[in-house]
1. Give me a count of the residues in segment B:219-239 that are closer than 20 Å to residue B:28 by Cα and part of a helix (DSSP H, G or I).
2. If you scan segment B:129-139, which residues turn out to be assigned to a loop (DSSP other than H, G, I, E, B) and surrounded by 18 or more Cβ atoms within 10 Å (Cβ to Cβ)?
3. Answer yes or no as to whether residue B:93 is touching a helix residue (DSSP H, G or I) at 6+ places or on another chain (Cβ under 7 Å), farther than 27 Å from residue B:15 by Cα and free of Cβ contacts under 8 Å to residues at least 40 places away in the same chain.
4. Check segment A:208-218 and report whether any residue there is more than 9 Å from every other protein chain (Cβ to nearest Cβ), touching a residue at least 60 places away in the same chain (Cβ under 8 Å), surrounded by 23 or more Cβ atoms within 10 Å (Cβ to Cβ) and not in a helix (DSSP H, G or I).
5. Answer yes or no as to whether residue B:126 is touching a helix residue (DSSP H, G or I) at 6+ places or on another chain (Cβ under 9 Å), at the interface with chain A (Cβ under 7 Å from one of its Cβ atoms) and crowded, with 24+ Cβ neighbours inside 10 Å.
6. Considering segment B:168-195 alone, what residues qualify as being within 12 Å of another protein chain (Cβ to nearest Cβ) and farther than 19 Å from residue A:160 by Cβ?
7. Does residue B:144 meet the test of being within 20 Å of the chain's Cα centre (by Cα), part of a strand (DSSP E or B), surrounded by 24 or more Cβ atoms within 10 Å (Cβ to Cβ) and more than 9 Å from chain A (Cβ to nearest Cβ)?
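The values are calculated or read from the model by the stated rules, or taken from the named source; none is laboratory data. Model, not experiment: these values are computed from the prediction. Cβ: placed from backbone, ideal geometry, glycine included. Neighbour counts: every protein chain shown.
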């Protein structure tokens, strides 16, 4: 195999076009080997194999610098920069190589840790400026997909790249898809450019001051090499718009692009996946519930921002929802501001977003939404430690962030029935923006009564009245609270158990009452404790005799953590909590 | 006067062009009357007088809905929608009317509270969608300045407005200026459009799918009316690009646009302002210090994002800095990501931003900067209660936000010498992103020794070792800590006084030592206490016997607050703190 001999991109330089095509085929096979056994991003990586071979043939990394947007297309780059073992070997070898661009893994060839979208051009302008100040000559190349172009940061980056006026090459990898289909006016222009072979008069990039090259054959190594050679060492801001095929070279991924954007392991023969155990999911429950409610209420609108699967809105369900579903493309700022406008205009918008991406829109939540007190609903999905664990996708920080924004109510349901009761109330009320943290510890049902009405001022629910120790266990950590209560009971402590339900402020009345016959309050939250829920309770009691054991994860940069180890390191296993409680109260 | 008789925009309908011109003149005089006596946004409001008269003549508010971007141009609208008293009367009358679009003030005519930039189109798309779903026919009109177009949210909004495909009118009020000069590739296209009377082939807006109209005479009521009438009731996404003159009708504001964007009261005769008392400012000290350092270090780069005055970088100083100053336009996301790229590339970037605007770039700080651990410096200006106080410009939330982002060091100098020592250290170190909260309680000097080296792990500075009570007073509240210590000493308590210097984490060693002979720790921070600095200390001690009095402002939506009242309401006056301390320890 060629690729086993390619330790650095320099090893490509002497190869013929024929040999480079073999390298491309082998690289594609390596990518498929990894994703079929390990899972990962399939379609975007397959579509960018030829371009990666051509880029590394034409340019000279690491002197020339690549910045991969969102890094959904960086696997071929990894294969060609000394990390083929993560693609050819067994699953353990694959685990050693992350799914994202990572200087921690390859300080020489990867310039940035990247996992959120629309950042590449902005990051690259920094390298561009550094080169210009230091008098360097290297090429700076940002690689951005058409889907990633819809995020505000990408536009800001393009605007500045043109302003700088010096050499930067922005490869627009246009596969006519975001994670799902694209949404936005810019795609009208990309389409016109594709259909005119880059020749149509209206050209957004040229209007913004870029040199512009178009290549229709974006999966043709030879043509790609010609194109990249023609812009190499340019001293002008330059767009290279290449038309690629998402999933190229693997028929199932070409045939059905959305589910093949990212996926679990599969059978290479036919793309089939092992039958997944039939399990309830909030994605499916939510989308079904919404579709049903939408039929009764034409003002109910489901919003997503580039990740419709976060809300279970598959292509079929989006179609069924019609005008009552709207996907913004990867544009979370727009999602929030538009939701605020919709609520102001009398609609009932519900935006569903993964915890890790909500931080892309702090200011819009604070300004466009909360200062205006418009009654939009935000569903925060996958908040907690049992979801994503790459350093760029950690879902532990939504509680500190959202709870520091005045005017926002943040609810934490502890089971399925409570979630839908809260969702219904949030949608029907008309006074405040409400965020709801969907439980992330599986779909747990209750037969207990669940309140149908909630309030803007927190009101804790006392599940069990005991004494000495009170456990306030929020959201997906409620069941941990139940476990700890049981274990304490084995130790002779009849602990009070509380479902706080509200994260954004404390229920002072409930906390005050606990003073009568408790000496320790334990708080449990499935997230970062610094600035979070429990610290506010610690602060509430800080001038009293009540002791508070704050349970949550320490603020830190985590990467591909093991959940059990994370729990143990933060003294969050059930046994550790019991041990710490006993040490304090005994 | 006409405008005294105009209670609603309907009162304009019967007027002739001649009369409308008189209304425009009177409106301009009213705006000038307000800004000369009360201060406020001058240039952008003066330039938009004629357009406002024409908009209200052509469209039918409140059925037709206006959304003013950033609201720097909404004064004429206020004059014509029943709020002329805020412009004609005395300063007390003026205080009753805010400087921003505000439904709290006018629920009928103002659709959103707006003060941050680039939000109008996104908000308007929400109203557009609501109209479409509900089958309405009203016009939705977003009004956005050329300067505001550089923010990511504006691009996301335009992208979606085109996608929706139904009627929305976006008035691009092009006065060839942001707050300072514009920066970005988009301005090349606006210039080409102006110079070709809107006819040039390359047209960004058309490329994105908009209908497009250009009007050169953007301060001509008659032409504006014709233009707006031509797009009224459109069923297509439509850009109306009008060329206006910033400061129109007031010679000093036309002659020198940047200082006349916003300003304090002035003499109407000649635009002169009362001689300001000569006071040191961090803006001036910082910019001078940087210019001096830049001469020695060509890799030192000062960054601003549309508000160069936050850093004292006047036009003259920007010129002096040359390529070592870069303004992004109003594009905070780009500022952070590019700073990260610059630091990666070996430069030493320092971005200065007002506290209220740092929340526009949470994700870039977390992802582009901190996960990558690139050593860029962020100067947070005006953090605290003594700065801006409009609901959209509150500067109390930067501590909770920045302290919840892992990997970021946040320093809080307590005086001028300490600030520059920290700044120098932050610039010279090469391992971590560092934010510094510039003191906001005036420039206070010290003759005490100030450390020249800092660390990534917090190390508190014990200013005075006492017992029983320890005061940990951060940043601009350090002097309050000194005052409280003095008052406690009058009450027989020799309090320990600590300058914590670091906000992002606690100094566990210092806190542990206090346990020996203290029973109360008082924390003081000039900001929101929910999720802030003091709560982390309360949490640290929460399982011990140490009591903690957390001093800060309660999380809430504040608007045009009085500082003394805010202090008193939060028990933050020196006397109240002493009273509370005595109640706990006596």
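1. We begin by selecting, within segment B:219-239, every residue closer than 20 Å to residue B:28 by Cα; these are B:219-225.
Okay, now just the ones that are also part of a helix (DSSP H, G or I), so B:221-225.
The total comes to 5.
2. B:138, B:139
3. On the way: touching a helix residue (DSSP H, G or I) at 6+ places or on another chain (Cβ under 7 Å): yes; farther than 27 Å from residue B:15 by Cα: yes; free of Cβ contacts under 8 Å to residues at least 40 places away in the same chain: yes.
When the stated conditions are applied, residue B:93 passes them.
4. Narrowing segment A:208-218 to residues more than 9 Å from every other protein chain (Cβ to nearest Cβ): A:211-218.
Cutting the leftovers down to touching a residue at least 60 places away in the same chain (Cβ under 8 Å) gives us A:218.
With the extra rule that they be surrounded by 23 or more Cβ atoms within 10 Å (Cβ to Cβ), the set shrinks to A:218.
Now restrict to residues that are not in a helix (DSSP H, G or I): A:218.
Yes - at least one qualifying residue is present in segment A:208-218.
5. On the way: touching a helix residue (DSSP H, G or I) at 6+ places or on another chain (Cβ under 9 Å): yes; at the interface with chain A (Cβ under 7 Å from one of its Cβ atoms): yes; crowded, with 24+ Cβ neighbours inside 10 Å: yes.
Taking the combined requirement at face value, the residue satisfies it.
6. B:168, B:170, B:193
7. When the stated conditions are applied, residue B:144 passes them.
Condition check ((1) within 23 Å of residue B:42 (Cβ to Cβ); (2) in contact (Cβ under 8 Å) with a residue 40 or more places away in the chain; (3) surrounded by 14 or more Cβ atoms within 10 Å (Cβ to Cβ); (4) not assigned by TED's automatic domain parsing to the domain that holds residue B:58) across all residues:
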residue	(1), (2), (3), (4)
B:225	no, yes, yes, no
B:231	no, yes, yes, no
B:244	yes, yes, yes, no
B:263	yes, yes, yes, yes
B:275	yes, no, no, yes
B:286	no, yes, yes, yes
